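*Asks:* Pasting in a structure now, in structure tokens, and then I'll have a few things to ask.
The values are calculated or read from the model by the stated rules, or taken from the named source; none is laboratory data. From a predicted model like this one, the values you see are computed outputs, not experimental measurements. Methodologically, a virtual Cβ is constructed for each residue, glycine included, from the backbone with ideal geometry; neighbour enumeration extends over all protein chains shown.
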Amino acid sequence: MKRSVSVRIPDSQTVASSFDAVATIRHILLPISAIFLVSRAALLLIGMLTFTQIAQEPEPAGHTLLSYLCRFDCAWFVGVAQHGYSTIPAADQPGATNFAFYPLFPLLIRAVSPIVGGDAFFAAVIVSNLCFYVALVYIYRYARLLGLEHTAALLSVALLCILPHSIVFSAAYSESSFLLLLVVAMFYLRRENYLVAGIAAALLSATRTTGVLFVVFAIAWIVRHGGARALLLPWRAPEKLVPVLFAPLGLFLFWAYCFLVTGDAFAGPSTMSHGWGWYFLPPWSNFAEMLQADDIRYAFALLALGLLAGSFMLLRQGLYEEFFLCAALILLMSSGAVVGSLFRYWLVLFPLWIAAARVLEPRPVLTAMTFSVLALFNGLMMSAWTLQKFIAI
């Protein structure tokens with residue numbers, strides 16, 4: 001007797017799904033991975049050459065290639081992850097306590113540390129780079145959601161990797177987690193997944209106080225797609241307000257924790273004032289002072305005004321919600337009397353880089369020139385970061 005052999009033929013949906021997965025890996029994930037790895041490797045190489053050829057200092061005990069990813073605030077974040085918050089000020093910086101650093105990034109470090117043998121710094125580097133890579137994937141998806149072609153979306157990713165001071169996305173800093181949560185919140189709000197957008201927004205304000213400005217984007221989106229009635233009559237579509245209501249929760253919870261521990265709900269701003277000399281100035285007053293300065297503040301003012309002018313690209317491209325968010329963030333970041341760290345604060349304004357990629361994509365010569373200039377300044381900023389110069393703080 002002949003034995004019958006049954007052969008299972010994959011259905012068309014299974015074949016299509018497999019093809020889509022392979023195409024996604026080949027055309028999206030592999031290019032993003034290459035951009036990510038090459039840019040990180042180049043910056044570490046510049047850091048190593050700077051340290052050995054310019055600093056000309058002997059390597060301290062335990063120094064590794066990853067040591068170039070720990071500068072300035074790195075010790076603060078790692079310290080919070082290892083020991084929690086403390087009201088004891090730094091010995092060399094009176095009035096400065098770790099309450100100036102918001103809790104989500106240290107909590108992620110603490111969660112990953114046991115996996116890597118309790119090495120908090122190594123865990124911080126893993127968290128930062130993983131968040132940055134996932135953020136790049138979401139930025140590509142966001143660009144495509146806005147209607148950009150494949151090449152322009154990849155240009156957005158490449159711009160973010162080559163922007164001056166982009167090393168902070170791989171360092172033990174909270175920039176990469178902030179970037180990831182911001183793009184996830186915006187992406188899922190545009191996809192009308194309000195719960196995911198709201199959760200991401202709540203975590204965003206627990207990463208840095210400026211995350212609460214996501215409400216600007218959310219309100220602009222709600223009004224544009226549902227009219228003013230969506231806000232005035234919220235019971236008609238209450239789900240749309242979830243991101244707005246959730247956005248400040250992370251900030252409020254940290255304030256509550258500060259109040260329970262220190263008796264001061266605003267321990268973060270208080271220590272920033274006493275330890276770092278930060279205080280609020282209206283942006284127009286701050287700009288006037290910085291433009292009259294004869295130090296690095298003048299460059300910061302020009303950059304801030306340039307970014308503010310560049311944000312009008314978003315209006316020309318019909319990205320009104322993104323414009324209001326970026327303009328609000330630029331103005332808020334420019335309102336501090338202490339201008340240090342502004343270079344890295346502005347890096348997370350990814351809608352600007354998407355808009356720039358849309359402009360550059362059909363202009364290969366301009367694209368090459370832009371990337372060459374940015375690469376040069378990125379290398380200089382990496383050297384400044386390695387040597388711990390004020391401009392790279």
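*Asks:* Among the residues of segment 248-295, which ones are in contact (Cβ under 8 Å) with a residue 60 or more places away in the chain, part of a loop (DSSP other than H, G, I, E, B) and out of contact with any strand residue (DSSP E or B) (no Cβ under 7 Å at 6 or more places or on another chain)?
*Replies:* The answer is 277, and nothing else.
*Asks:* Could you check, for segment 43-50, whether at least one of its residues is in contact with a Gly (Cβ under 9 Å, 6 or more places away or on another chain), within 27 Å of residue 376 (Cβ to Cβ) and of a type in the set (A, V, I, L, M, F, W, C)?
*Replies:* Yes; the residues of segment 43-50 include at least one that is in contact with a Gly (Cβ under 9 Å, 6 or more places away or on another chain), within 27 Å of residue 376 (Cβ to Cβ) and of a type in the set (A, V, I, L, M, F, W, C).
*Asks:* Answer yes or no as to whether residue 298 is modelled with pLDDT of 90 or more and out of contact with any Ser or Thr (no Cβ under 8 Å at 6 or more places or on another chain).
*Replies:* Answer is no for this residue.
*Asks:* Given the structure, is residue 313 surrounded by 18 or more Cβ atoms within 10 Å (Cβ to Cβ) and either over 22 Å from the mean Cα position of the chain (by Cα) or at pLDDT 95 or above (or both)?
*Replies:* No; evaluated as a whole, the condition is false for this residue.
*Asks:* Any idea which of 65, 29, 44 is under 24 Å from the mean Cα position of the chain (by Cα), buried (at least 17 other Cβ atoms within 10 Å of the Cβ) and either of a type outside the set (Gly, Ala, Ser) or at pLDDT 90 or above (or both)?
*Replies:* 44
The rows are residues; the columns are (1) without any contact (Cβ under 8 Å) to a residue 40 or more places away in the chain; (2) in contact with a Lys or Arg (Cβ under 6 Å, 6 or more places away or on another chain); (3) polar (S, T, N, Q); (4) in a helix (DSSP H, G or I).
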| residue | (1), (2), (3), (4) |
| --- | --- |
| 322 | no, no, no, yes |
| 327 | yes, no, no, yes |
| 345 | no, no, no, yes |
| 374 | no, no, no, yes |
| 378 | no, no, yes, yes |
| 383 | no, no, yes, yes |
| 391 | no, no, no, yes |
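*Asks:* Still on this model: Of all residues in segment 110-161, which are more than 26 Å from residue 365 (Cα to Cα) and of a type in the set (Phe, Trp, Tyr)?
*Replies:* The answer is 121, 122, 132, 133, 138.
*Asks:* Run down 360, 342, 352 and say which single residue is in contact with a Gly (Cβ under 7 Å, 6 or more places away or on another chain) and not basic (Lys, Arg). Please lay out each step first, then the result.
*Replies:* Working: 360 fails: in contact with a Gly (Cβ under 7 Å, 6 or more places away or on another chain); 342 fails: in contact with a Gly (Cβ under 7 Å, 6 or more places away or on another chain).
Exactly one residue qualifies, and that residue is 352.
*Asks:* Could you say whether any residue in segment 380-393 is surrounded by 21 or more Cβ atoms within 10 Å (Cβ to Cβ), under 24 Å from residue 138 (Cβ atoms) and within 18 Å of the chain's Cα centre (by Cα)?
*Replies:* no
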